[in-house]
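Taking it in order: structure first as C-alpha coordinates, then the write-up.
The values are calculated or read from the model by the stated rules, or taken from the named source; none is laboratory data. Predicted, not measured: the structure shown is a model, and the values here were computed from it. We place every Cβ from the backbone using ideal geometry, glycine too, and count neighbours over all the protein chains shown.
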Amino acid sequence: GFLITISELANRMSVKKNKVVEIITQLELNNISNDILDQETAQLISEEMGYKVILHLDNKTEFLLLKNRNINHIQKILPRAPIVTIMGHVDHGKTSLLDKICSTKVVNQEFGGITQHIGAYSVFTKNGKIIFIDTPGHSAFTAMRARGAQITDIIILVIAVDDGVMPQTIEAIKHAFLAKVPIIVAINKIDKSENNINHIKKDLLKYEIISEDFGGETMFIPVSAKTGKGLKNLLQAILLQAEMLELKSDYEGMATGVVIESFLDKGYGPTVSIIILEGCLKKGDVCICGMEYGKIRVIHNENRQEITKASPSMPVLIYGLSGLPRTGEKLIVVKNEKKAREVSIYRKFKLREKEFLSKKQKNIENLFQNL
Ligand code: GTP
Ligand code: MG
(Lines give C-alpha, C1' and ligand atoms only; values in the text may rest on other atoms or scores of the structure.)
(Ligands and ions follow the chains in the order given, each with its own letter.)
Protein backbone atom coordinates (compact mmCIF):
# COMPACT_ATOMS: atom_id res chain seq x y z
CA GLY A 1 0.00 0.00 0.00
CA PHE A 2 0.95 3.66 -0.26
CA LEU A 3 1.95 6.22 2.35
CA ILE A 4 0.76 9.81 2.26
CA THR A 5 1.19 12.87 4.45
CA ILE A 6 -1.82 14.54 6.00
CA SER A 7 -1.16 17.74 4.02
CA GLU A 8 -0.97 15.87 0.73
CA LEU A 9 -4.20 14.02 1.43
CA ALA A 10 -5.89 17.31 2.32
CA ASN A 11 -4.52 18.80 -0.90
CA ARG A 12 -5.91 16.04 -3.03
CA MET A 13 -9.34 16.48 -1.53
CA SER A 14 -9.04 20.28 -1.80
CA VAL A 15 -9.77 20.75 1.90
CA LYS A 16 -7.80 22.43 4.68
CA LYS A 17 -5.38 20.29 6.66
CA ASN A 18 -7.30 21.13 9.84
CA LYS A 19 -10.36 19.44 8.40
CA VAL A 20 -8.44 16.18 7.99
CA VAL A 21 -6.97 16.47 11.47
CA GLU A 22 -10.50 16.99 12.78
CA ILE A 23 -11.64 13.75 11.16
CA ILE A 24 -8.60 11.94 12.56
CA THR A 25 -9.60 13.09 16.03
CA GLN A 26 -13.22 12.19 15.44
CA LEU A 27 -12.29 8.70 14.31
CA GLU A 28 -9.94 8.44 17.27
CA LEU A 29 -7.01 7.54 15.06
CA ASN A 30 -4.63 8.80 17.67
CA ASN A 31 -1.72 6.55 16.90
CA ILE A 32 -0.65 8.53 13.83
CA SER A 33 2.95 9.67 14.08
CA ASN A 34 5.01 11.98 11.87
CA ASP A 35 2.04 13.20 9.86
CA ILE A 36 2.23 10.10 7.65
CA LEU A 37 -0.81 7.98 6.94
CA ASP A 38 -0.80 4.41 5.67
CA GLN A 39 -3.15 3.37 2.90
CA GLU A 40 -5.86 1.96 5.15
CA THR A 41 -6.00 5.06 7.31
CA ALA A 42 -5.96 7.41 4.32
CA GLN A 43 -8.79 5.44 2.75
CA LEU A 44 -10.80 5.50 5.94
CA ILE A 45 -10.42 9.25 6.27
CA SER A 46 -11.23 10.04 2.65
CA GLU A 47 -14.26 7.77 2.65
CA GLU A 48 -15.45 9.44 5.82
CA MET A 49 -15.20 12.74 3.95
CA GLY A 50 -17.24 11.46 1.02
CA TYR A 51 -14.42 10.56 -1.35
CA LYS A 52 -13.68 7.26 -2.96
CA VAL A 53 -10.10 6.10 -3.36
CA ILE A 54 -9.23 4.51 -6.69
CA LEU A 55 -5.85 2.82 -6.82
CA HIS A 56 -3.72 2.91 -9.89
CA LEU A 57 -2.80 -0.67 -10.64
CA ASP A 58 0.84 -0.41 -11.66
CA ASN A 59 1.83 2.27 -9.24
CA LYS A 60 0.44 1.81 -5.78
CA THR A 61 1.79 5.12 -4.56
CA GLU A 62 -0.52 6.98 -6.87
CA PHE A 63 -4.21 7.15 -6.31
CA LEU A 64 -7.18 9.22 -7.16
CA LEU A 65 -9.80 10.71 -4.96
CA LEU A 66 -13.22 11.18 -6.41
CA LYS A 67 -15.76 13.21 -4.58
CA ASN A 68 -19.12 11.69 -3.74
CA ARG A 69 -18.60 8.97 -6.28
CA ASN A 70 -21.65 6.76 -6.52
CA ILE A 71 -22.92 7.98 -3.22
CA ASN A 72 -25.94 9.79 -4.60
CA HIS A 73 -27.50 6.89 -6.36
CA ILE A 74 -29.12 3.79 -5.00
CA GLN A 75 -26.77 0.90 -5.60
CA LYS A 76 -28.06 -2.19 -7.27
CA ILE A 77 -25.81 -5.02 -6.11
CA LEU A 78 -26.33 -8.21 -8.09
CA PRO A 79 -24.33 -11.36 -8.83
CA ARG A 80 -21.96 -11.18 -11.79
CA ALA A 81 -20.36 -13.77 -14.05
CA PRO A 82 -16.89 -15.07 -13.07
CA ILE A 83 -13.86 -13.86 -15.03
CA VAL A 84 -11.62 -16.85 -15.69
CA THR A 85 -8.07 -16.61 -17.04
CA ILE A 86 -6.44 -19.53 -18.80
CA MET A 87 -2.73 -19.84 -18.08
CA GLY A 88 0.01 -22.41 -18.56
CA HIS A 89 3.17 -23.36 -20.41
CA VAL A 90 3.52 -22.71 -24.14
CA ASP A 91 1.68 -25.24 -26.34
CA HIS A 92 -0.05 -26.99 -23.45
CA GLY A 93 -3.35 -26.31 -25.22
CA LYS A 94 -4.80 -23.17 -23.62
CA THR A 95 -6.20 -21.68 -26.81
CA SER A 96 -7.39 -25.08 -28.08
CA LEU A 97 -9.26 -25.63 -24.84
CA LEU A 98 -10.94 -22.25 -25.10
CA ASP A 99 -11.72 -22.93 -28.76
CA LYS A 100 -13.40 -26.18 -27.92
CA ILE A 101 -15.38 -24.51 -25.15
CA CYS A 102 -16.51 -21.60 -27.37
CA SER A 103 -16.17 -23.33 -30.75
CA THR A 104 -14.52 -20.18 -32.11
CA LYS A 105 -11.46 -21.61 -33.85
CA VAL A 106 -9.14 -18.89 -32.65
CA VAL A 107 -6.12 -21.18 -32.94
CA ASN A 108 -6.35 -21.30 -36.72
CA GLN A 109 -6.25 -17.54 -37.02
CA GLU A 110 -3.19 -17.12 -34.83
CA PHE A 111 0.23 -16.53 -36.28
CA GLY A 112 2.04 -19.86 -36.05
CA GLY A 113 -0.42 -21.04 -33.40
CA ILE A 114 1.19 -18.90 -30.69
CA THR A 115 -0.98 -16.59 -28.65
CA GLN A 116 0.49 -13.10 -28.52
CA HIS A 117 -2.30 -11.18 -26.90
CA ILE A 118 -5.07 -11.46 -24.38
CA GLY A 119 -8.53 -12.05 -25.77
CA ALA A 120 -11.81 -12.28 -23.86
CA TYR A 121 -14.80 -14.52 -24.64
CA SER A 122 -18.16 -15.10 -22.95
CA VAL A 123 -19.53 -18.61 -22.71
CA PHE A 124 -23.14 -19.33 -21.85
CA THR A 125 -23.85 -22.50 -19.92
CA LYS A 126 -27.12 -23.82 -18.51
CA ASN A 127 -25.98 -22.75 -15.08
CA GLY A 128 -24.67 -19.31 -15.91
CA LYS A 129 -22.30 -17.24 -17.96
CA ILE A 130 -18.49 -17.44 -17.73
CA ILE A 131 -16.01 -14.91 -19.14
CA PHE A 132 -12.77 -16.46 -20.38
CA ILE A 133 -9.48 -14.69 -20.97
CA ASP A 134 -6.76 -16.44 -22.97
CA THR A 135 -3.10 -15.60 -22.29
CA PRO A 136 0.13 -16.44 -24.11
CA GLY A 137 2.35 -19.18 -22.68
CA HIS A 138 5.53 -18.10 -24.44
CA SER A 139 8.28 -17.10 -21.99
CA ALA A 140 8.47 -13.58 -23.49
CA PHE A 141 5.07 -12.58 -22.12
CA THR A 142 5.66 -12.63 -18.35
CA ALA A 143 4.44 -9.07 -17.76
CA MET A 144 1.27 -9.73 -19.72
CA ARG A 145 0.56 -12.84 -17.66
CA ALA A 146 1.24 -11.03 -14.40
CA ARG A 147 -1.30 -8.37 -15.35
CA GLY A 148 -3.72 -11.04 -16.57
CA ALA A 149 -3.64 -12.69 -13.14
CA GLN A 150 -4.72 -9.44 -11.53
CA ILE A 151 -7.80 -9.10 -13.69
CA THR A 152 -9.27 -12.46 -12.94
CA ASP A 153 -11.47 -14.24 -10.36
CA ILE A 154 -10.23 -17.76 -11.13
CA ILE A 155 -7.17 -19.13 -12.95
CA ILE A 156 -7.34 -22.29 -15.03
CA LEU A 157 -3.85 -23.74 -15.04
CA VAL A 158 -3.51 -25.89 -18.14
CA ILE A 159 -0.88 -28.65 -17.98
CA ALA A 160 -0.33 -31.02 -20.90
CA VAL A 161 -0.29 -34.54 -19.52
CA ASP A 162 2.62 -35.60 -21.74
CA ASP A 163 4.80 -32.59 -20.87
CA GLY A 164 4.01 -32.09 -17.17
CA VAL A 165 5.00 -29.17 -14.94
CA MET A 166 7.16 -26.71 -16.91
CA PRO A 167 8.71 -23.25 -16.23
CA GLN A 168 5.68 -21.19 -17.27
CA THR A 169 3.41 -23.55 -15.30
CA ILE A 170 5.36 -22.56 -12.20
CA GLU A 171 5.35 -18.90 -13.21
CA ALA A 172 1.56 -18.96 -13.53
CA ILE A 173 1.27 -20.44 -10.02
CA LYS A 174 3.38 -17.57 -8.69
CA HIS A 175 1.16 -14.99 -10.39
CA ALA A 176 -1.93 -16.68 -8.95
CA PHE A 177 -0.50 -16.64 -5.42
CA LEU A 178 0.57 -13.00 -5.70
CA ALA A 179 -2.84 -11.97 -7.01
CA LYS A 180 -4.56 -14.25 -4.42
CA VAL A 181 -6.62 -15.95 -7.11
CA PRO A 182 -7.81 -19.57 -6.75
CA ILE A 183 -6.50 -22.12 -9.27
CA ILE A 184 -8.29 -24.98 -11.00
CA VAL A 185 -5.86 -27.37 -12.72
CA ALA A 186 -6.89 -28.69 -16.13
CA ILE A 187 -4.75 -31.66 -17.15
CA ASN A 188 -4.99 -31.48 -20.93
CA LYS A 189 -4.32 -33.85 -23.85
CA ILE A 190 -5.61 -36.92 -22.00
CA ASP A 191 -6.53 -38.35 -25.41
CA LYS A 192 -2.80 -39.09 -25.68
CA SER A 193 -2.39 -40.83 -22.31
CA GLU A 194 -3.62 -40.63 -18.75
CA ASN A 195 -0.59 -42.21 -17.11
CA ASN A 196 1.09 -39.07 -15.95
CA ILE A 197 -1.78 -37.49 -13.98
CA ASN A 198 -0.65 -38.68 -10.54
CA HIS A 199 2.90 -37.66 -11.28
CA ILE A 200 1.74 -34.10 -12.04
CA LYS A 201 -0.28 -33.98 -8.81
CA LYS A 202 2.84 -35.01 -6.86
CA ASP A 203 4.99 -32.46 -8.68
CA LEU A 204 2.59 -29.67 -7.77
CA LEU A 205 2.76 -30.45 -4.04
CA LYS A 206 6.07 -28.55 -4.01
CA TYR A 207 4.14 -25.42 -4.99
CA GLU A 208 1.37 -25.95 -2.45
CA ILE A 209 -1.15 -26.91 -5.09
CA ILE A 210 -2.73 -29.89 -3.35
CA SER A 211 -5.40 -31.92 -5.13
CA GLU A 212 -8.57 -33.02 -3.36
CA ASP A 213 -7.52 -36.69 -3.35
CA PHE A 214 -4.27 -35.67 -1.60
CA GLY A 215 -6.26 -33.89 1.10
CA GLY A 216 -6.07 -30.44 -0.43
CA GLU A 217 -8.61 -28.10 -1.97
CA THR A 218 -7.52 -27.69 -5.58
CA MET A 219 -9.71 -29.29 -8.23
CA PHE A 220 -7.85 -31.26 -10.91
CA ILE A 221 -9.90 -31.86 -14.04
CA PRO A 222 -8.59 -34.20 -16.76
CA VAL A 223 -9.62 -32.84 -20.18
CA SER A 224 -8.94 -33.15 -23.88
CA ALA A 225 -9.25 -30.07 -26.06
CA LYS A 226 -9.11 -32.43 -29.02
CA THR A 227 -12.02 -34.74 -28.18
CA GLY A 228 -13.86 -32.46 -25.76
CA LYS A 229 -13.69 -35.04 -22.97
CA GLY A 230 -13.93 -33.56 -19.48
CA LEU A 231 -14.95 -30.07 -20.61
CA LYS A 232 -18.35 -30.31 -18.92
CA ASN A 233 -16.58 -31.18 -15.67
CA LEU A 234 -14.29 -28.22 -16.13
CA LEU A 235 -17.20 -25.80 -16.62
CA GLN A 236 -18.90 -27.30 -13.58
CA ALA A 237 -15.76 -26.88 -11.50
CA ILE A 238 -15.52 -23.22 -12.56
CA LEU A 239 -19.14 -22.50 -11.62
CA LEU A 240 -18.66 -24.27 -8.29
CA GLN A 241 -15.54 -22.25 -7.51
CA ALA A 242 -17.33 -19.06 -8.61
CA GLU A 243 -20.24 -19.78 -6.31
CA MET A 244 -17.87 -19.98 -3.36
CA LEU A 245 -16.44 -16.57 -4.28
CA GLU A 246 -19.92 -14.95 -4.18
CA LEU A 247 -19.08 -12.46 -6.90
CA LYS A 248 -21.26 -9.37 -6.82
CA SER A 249 -21.16 -5.91 -8.34
CA ASP A 250 -23.14 -2.69 -8.46
CA TYR A 251 -25.03 -2.47 -11.79
CA GLU A 252 -26.08 1.18 -11.66
CA GLY A 253 -23.28 3.52 -10.61
CA MET A 254 -20.48 5.05 -12.63
CA ALA A 255 -18.49 2.27 -14.22
CA THR A 256 -15.05 0.92 -13.51
CA GLY A 257 -13.37 -1.61 -15.76
CA VAL A 258 -10.05 -3.18 -16.56
CA VAL A 259 -8.14 -3.26 -19.84
CA ILE A 260 -7.74 -6.63 -21.56
CA GLU A 261 -5.89 -5.31 -24.59
CA SER A 262 -5.66 -2.26 -26.77
CA PHE A 263 -4.78 -1.66 -30.39
CA LEU A 264 -4.98 0.94 -33.12
CA ASP A 265 -7.81 0.37 -35.57
CA LYS A 266 -7.45 2.02 -38.98
CA GLY A 267 -11.00 3.32 -38.99
CA TYR A 268 -11.84 3.71 -35.31
CA GLY A 269 -8.47 4.82 -33.91
CA PRO A 270 -7.50 3.68 -30.41
CA THR A 271 -9.58 0.59 -29.64
CA VAL A 272 -9.61 -0.82 -26.15
CA SER A 273 -11.10 -4.09 -25.02
CA ILE A 274 -12.14 -3.95 -21.39
CA ILE A 275 -14.14 -5.95 -18.90
CA ILE A 276 -16.59 -4.01 -16.76
CA LEU A 277 -16.00 -4.58 -13.05
CA GLU A 278 -18.58 -2.29 -11.45
CA GLY A 279 -21.41 -0.04 -12.51
CA CYS A 280 -22.93 0.70 -15.88
CA LEU A 281 -20.77 2.02 -18.72
CA LYS A 282 -22.70 4.22 -21.13
CA LYS A 283 -22.02 5.72 -24.51
CA GLY A 284 -20.92 9.33 -23.96
CA ASP A 285 -19.29 8.63 -20.56
CA VAL A 286 -16.01 10.41 -19.90
CA CYS A 287 -13.32 8.15 -18.51
CA ILE A 288 -9.74 7.93 -17.35
CA CYS A 289 -7.85 4.81 -18.31
CA GLY A 290 -4.23 4.51 -17.24
CA MET A 291 -2.55 7.53 -18.79
CA GLU A 292 -5.28 8.04 -21.37
CA TYR A 293 -8.67 9.67 -21.16
CA GLY A 294 -11.61 10.47 -23.39
CA LYS A 295 -15.31 10.40 -24.09
CA ILE A 296 -16.63 7.01 -25.15
CA ARG A 297 -17.95 7.42 -28.69
CA VAL A 298 -18.96 3.84 -29.41
CA ILE A 299 -19.32 0.64 -27.39
CA HIS A 300 -19.22 -2.75 -29.12
CA ASN A 301 -20.02 -6.09 -27.57
CA GLU A 302 -17.63 -8.97 -28.25
CA ASN A 303 -19.47 -9.77 -31.50
CA ARG A 304 -18.73 -6.23 -32.65
CA GLN A 305 -22.36 -5.16 -32.45
CA GLU A 306 -23.00 -1.63 -31.25
CA ILE A 307 -24.56 -1.31 -27.80
CA THR A 308 -25.38 1.74 -25.68
CA LYS A 309 -24.45 0.41 -22.25
CA ALA A 310 -22.51 -2.39 -20.62
CA SER A 311 -22.86 -4.07 -17.21
CA PRO A 312 -20.47 -5.94 -14.86
CA SER A 313 -18.36 -8.82 -16.23
CA MET A 314 -19.17 -7.88 -19.84
CA PRO A 315 -16.19 -7.77 -22.21
CA VAL A 316 -16.63 -4.81 -24.58
CA LEU A 317 -14.66 -2.74 -27.08
CA ILE A 318 -14.64 0.99 -26.51
CA TYR A 319 -13.61 3.79 -28.86
CA GLY A 320 -12.79 7.40 -28.07
CA LEU A 321 -9.74 7.24 -25.78
CA SER A 322 -6.75 9.53 -26.39
CA GLY A 323 -4.30 6.64 -26.79
CA LEU A 324 -3.57 3.04 -25.94
CA PRO A 325 -3.67 2.01 -22.26
CA ARG A 326 -1.88 -1.18 -21.23
CA THR A 327 -3.36 -4.53 -20.24
CA GLY A 328 -4.49 -4.53 -16.62
CA GLU A 329 -4.90 -0.79 -16.41
CA LYS A 330 -8.04 0.42 -14.65
CA LEU A 331 -10.76 2.40 -16.39
CA ILE A 332 -12.96 4.72 -14.35
CA VAL A 333 -15.79 6.96 -15.41
CA VAL A 334 -15.59 10.53 -14.14
CA LYS A 335 -17.97 13.45 -14.21
CA ASN A 336 -16.02 15.98 -16.20
CA GLU A 337 -13.59 15.93 -19.05
CA LYS A 338 -11.35 18.64 -17.62
CA LYS A 339 -10.61 16.49 -14.55
CA ALA A 340 -9.93 13.49 -16.81
CA ARG A 341 -7.44 15.48 -18.87
CA GLU A 342 -5.69 16.77 -15.76
CA VAL A 343 -5.24 13.28 -14.37
CA SER A 344 -3.93 12.06 -17.71
CA ILE A 345 -1.39 14.87 -17.91
CA TYR A 346 -0.34 14.30 -14.30
CA ARG A 347 0.18 10.59 -14.87
CA LYS A 348 2.19 11.16 -18.03
CA PHE A 349 4.35 13.65 -16.18
CA LYS A 350 4.91 11.16 -13.32
CA LEU A 351 5.92 8.46 -15.78
CA ARG A 352 8.42 10.72 -17.53
CA GLU A 353 9.81 11.72 -14.15
CA LYS A 354 10.22 8.06 -13.18
CA GLU A 355 11.91 7.25 -16.48
CA PHE A 356 14.23 10.23 -16.12
CA LEU A 357 15.21 9.25 -12.58
CA SER A 358 15.93 5.64 -13.50
CA LYS A 359 18.03 6.81 -16.48
CA LYS A 360 19.94 9.16 -14.21
CA GLN A 361 20.49 6.32 -11.73
CA LYS A 362 21.87 4.14 -14.53
CA ASN A 363 24.22 6.88 -15.67
CA ILE A 364 25.60 7.20 -12.14
CA GLU A 365 26.07 3.44 -11.91
CA ASN A 366 27.92 3.44 -15.23
CA LEU A 367 30.10 6.28 -14.05
CA PHE A 368 31.14 4.33 -10.96
CA GLN A 369 31.78 1.21 -12.97
CA ASN A 370 34.13 3.13 -15.24
CA LEU A 371 36.14 4.65 -12.40
P1 GTP B 1 0.47 -20.70 -26.55
O2 GTP B 1 -0.69 -19.79 -26.66
O3 GTP B 1 1.47 -20.48 -27.61
O4 GTP B 1 1.08 -20.71 -25.19
O5 GTP B 1 -0.08 -22.21 -26.79
P6 GTP B 1 -1.43 -22.84 -26.25
O7 GTP B 1 -1.24 -23.32 -24.85
O8 GTP B 1 -2.57 -21.94 -26.51
O9 GTP B 1 -1.54 -24.19 -27.13
P10 GTP B 1 -2.44 -24.40 -28.42
O11 GTP B 1 -3.88 -24.44 -28.05
O12 GTP B 1 -2.02 -23.47 -29.47
O13 GTP B 1 -2.06 -25.91 -28.75
C14 GTP B 1 -0.73 -26.34 -28.98
C15 GTP B 1 -0.74 -27.65 -29.74
O16 GTP B 1 -1.28 -28.71 -28.95
C17 GTP B 1 -1.60 -27.61 -31.02
O18 GTP B 1 -0.94 -28.31 -32.02
C19 GTP B 1 -2.87 -28.33 -30.61
O20 GTP B 1 -3.51 -28.96 -31.70
C21 GTP B 1 -2.36 -29.37 -29.62
N22 GTP B 1 -3.37 -29.74 -28.63
C23 GTP B 1 -4.04 -28.89 -27.82
N24 GTP B 1 -4.89 -29.57 -27.02
C25 GTP B 1 -4.76 -30.88 -27.33
C26 GTP B 1 -5.39 -32.09 -26.86
O27 GTP B 1 -6.22 -32.12 -25.96
N28 GTP B 1 -4.97 -33.25 -27.42
C29 GTP B 1 -4.03 -33.31 -28.38
N30 GTP B 1 -3.69 -34.50 -28.87
N31 GTP B 1 -3.43 -32.19 -28.87
C32 GTP B 1 -3.79 -30.99 -28.35
MG1 MG C 1 -2.56 -19.98 -27.10
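Figures for the structure shown
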read-out	value
Extreme residue, nearest to residue 119 (Cα to Cα), among residues of segment 156-202 that are touching a Pro at 6+ places or on another chain (Cβ under 7 Å) and among the hydrophobic types (A, V, I, L, M, F, W, C)	187
Options 328, 284; residue that is of a type in the set (Gly, Ala, Ser), at pLDDT below 85 and under 26 Å from residue 248 (Cα atoms)	328
Among residues of segment 67-113, those that are part of a loop (DSSP other than H, G, I, E, B) and either within 12 Å of ligand 1 (Cβ to nearest atom) or modelled with pLDDT under 65 (or both), counted	16
Residue 267, sole failed condition from (1) part of a strand (DSSP E or B); (2) over 30 Å from residue 219 (Cβ atoms)	(1)
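Here's the yes/no breakdown for (1) in contact with a strand residue (DSSP E or B) (Cβ under 9 Å, 6 or more places away or on another chain); (2) surrounded by fewer than 17 Cβ atoms within 10 Å (Cβ to Cβ); (3) farther than 22 Å from residue 81 by Cβ:
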| residue | (1), (2), (3) |
| --- | --- |
| 269 | yes, yes, yes |
| 275 | yes, no, no |
| 279 | yes, no, no |
| 284 | yes, yes, yes |
| 288 | yes, no, yes |
| 291 | no, no, yes |
| 298 | yes, yes, yes |
